[in-house]
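The values are calculated or read from the model by the stated rules, or taken from the named source; none is laboratory data. Since we're looking at a predicted model, the values are computed, not measured. All Cβ positions, glycine included, derive from the backbone under ideal geometry; neighbour counts span all protein chains shown. Please note that ligands, DNA and RNA were not included when accessible areas were found on the heavy atoms of the full protein model with its side chains. Shrake-Rupley method; radii C 1.70, N 1.55, O 1.52, S 1.80 Å.
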Amino acid sequence: MSDPNDQVLPIPNLSLAQNLFTLSNPSLSRFHDAARTALLEGIKADEMGPWYRSLTGQPPKPKPAPVEEPQSAETPSQPSTSAPAPPSPVPSVAVLSLDAALLEELETKNAAALEKLDERLKHAQETEGESEISDALRGRANYLTKIGDKDASEAQLLAFEKTPGLGSRIDIALTLVRIAFFWGNPGDITKYLSKAETLIEEGGDWDRRNRLKVYRGLYMLSIRQFKSGGDLFIDALSTFTATELIGYNDFVGMTVIAGVLGLSRVELKKKIIGSSEVTQVLPEIPLLGELVNSLYACHYDKFFVALAKLEQTHLLPSRILAPHTRYYVREMRILAYSQLLESYRSLTLESLGGAFGVSVDFIDNEISRFIAAGRLHCTIDKVHGTVDTTRPLKKNAQYETLVKQGDILLNEVQRLCKVLY
């Protein structure tokens, strides 16, 4: 029989942080009603009194003194490790109108629950052993995490110190990662991911190793590392269990979004289009199927339409992907242009524009911009109205890249020397 303490709880509820992002973004006003409803329902379901108070612009409620663990004669008192308070994801203005009755109801439930948890902890400290104290500390920390209390990280770290089992310690580290995702604290995400990786290397089981791949992959996507994040997601496709972090359909959707940019055409066919896990979900997300299939089948006009829709429906509304929308759309366009131009030595601007379903002026301006940036290896002949490809040898391309990166490095060194001397 499995240990109930090893059950992974979906706390904090990261879908509520997504709803808050939607509600805080004026450009997503078409989604505001649904996001507000879901946010309030989630707050009520998880009794999130502290978070609701902050979302309504109310000052924080004073905290009662925490229960202190008595020190034995053999064990000297040591300061507990505490996490720095994460930056609040709440904007400076209230995003929800205050319902005083709801706030009072939530805080009454919070006070009653915490009183029981504190009594349980005190009883464990006075009459029971280390295992019971650990369970009580974890129960209190999990409740604070569930209700969106900013002291949750500190409580989880205290529980971590007092928890002996390696598996339970890994679970606490992953919970700390989720808390950091909830509050939007990248420093804590990297810190606790490293902690979880270290613990798993010491002997983590198969399930926790696979869940860590999803955590790392999501973080990679959040910092614009689409290739690395996509590879981790693809590795976890057939073994996905991290529903406490991200829903399965959202996970598959992000796998496709990252994979279509980071994979070669052959790998795209094998790992995305040919994946049974992906094909089962794509009927529920038809736009992603249209995007990946139109790119693979070289239907570039349909691909451009699908990419424009993706920007509005999947990228900009996503808390993780929104900061990288312009980058992603630009790189996907470059990928499509490169894929078409690799098949020809020369193309007319008119035929190129027709292939993508855009005007000659648009294709001329965009191709020119990417050529000037060194992203496309071709030239535009304005006299004859053609685009001529210039395929550099691999060694020449590597040499040019080395020279460019060397110049950048030398410039940075010279700039640093000026600052130091």
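Tabulated values for the structure
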| read-out | value |
| --- | --- |
| Helical segments meeting 30 Å axial Cα length and Kyte-Doolittle -1.0 threshold in the chain (DSSP H) | 100-127, 394-420 |
| Selected from Ser318, Ser194, Ser97 as most flexible by GNM, with the chain as the system and alpha-carbon contacts under 10 Å | Ser97 |
| Amide proton proximity set for Thr386, modelled H, under 5 Å, gap of 5+ | Leu349, Asp381 |
| Helix-derived mean residue ellipticity, 222 nm - over the chain, DSSP H n ≥ 4, -39500 (n - 2.57), to 500 | -20000 deg cm²/dmol |
| Sequence of Phe181, Phe362 from largest to smallest accessible area, 1.4 Å probe | Phe362, Phe181 |
| Trypsin sites (Lys or Arg not before Pro) lying in DSSP loop within segment 349-387, provided at most 16 other Cβ fall within 10 Å | Arg375, Lys382 |
| Ranking by accessible area, most exposed first, for His384, His299, His324 with a 1.4 Å probe | His384, His299, His324 |
| Accessible surface, the chain, averaged per residue in Å² (probe 1.4 Å) | 53 Å² |
| Cα-based reach from Lys302 at 30 Å (exclusive), listing lysines while leaving out same-chain residues under 8 positions away | Lys227, Lys269, Lys270, Lys271, Lys382 |
| Extended-chain gain in nm, criterion 0.36 nm per residue less alpha-carbon gap, Arg326 and Asp381 | 17.0 nm |
| For segment 249-301 and segment 115-144, distance of Cα centres in Å | 47 Å |
| DSSP-assigned coil residues among GluC sites (Glu not before Pro) in segment 130-223, each with at most 10 further Cβ atoms within 10 Å | Glu202 |
| Segment 298-421 - percent of accessible surface contributed by carbon and sulfur, probe 1.4 Å | 57 percent |
| Surface accessible to a 1.4 Å probe, Ile11 within the full protein complex, Å² | 20 Å² |
| Rounded to the nearest 10 Å², the accessible area of Phe21 at probe 1.4 Å | 50 Å² |
| Fully extended contour minus Cα-Cα distance, from Glu202 to Lys227, at 0.36 nm per residue | 6.3 nm |
| Listed residues Gly139, Tyr300, Gly167: farthest to the positive end of the dipole of the chain (Cβ charges) | Tyr300 |
| Within straight-line cross-link reach of Lys418, lysines at Cα separation under 22 Å, skipping those fewer than 8 residues along the same chain | Lys404 |
| Correct choice for P(r) over Cα pairs in 20 Å bins from 0, in percent that was computed from the model, options (1) 23, 54, 22, 1; (2) 21, 46, 26, 6, 0; (3) 27, 59, 14, 0 | (2) |
| Accessible surface of segment 167-281, 1.4 Å probe, proportion on carbon and sulfur as whole % | 49 percent |
| Heavy-atom SASA rank of Ser134, Ser228 (probe 1.4 Å, accessible area, largest first) | Ser228, Ser134 |
| Hits among aspartates and glutamates - C-alpha to C-alpha of Lys109 under 15 Å, sequence gap 8 or more where chains match | Asp46, Glu47, Asp118, Asp149 |
| Close Lys-Lys pairs in segment 110-205, where close means Cα under 26 Å and separation is 8 or more or interchain | 14 |
| The chain: relative contact order in percent, alpha carbon pairs under 8 Å with at least 6 residues between | 11 percent |
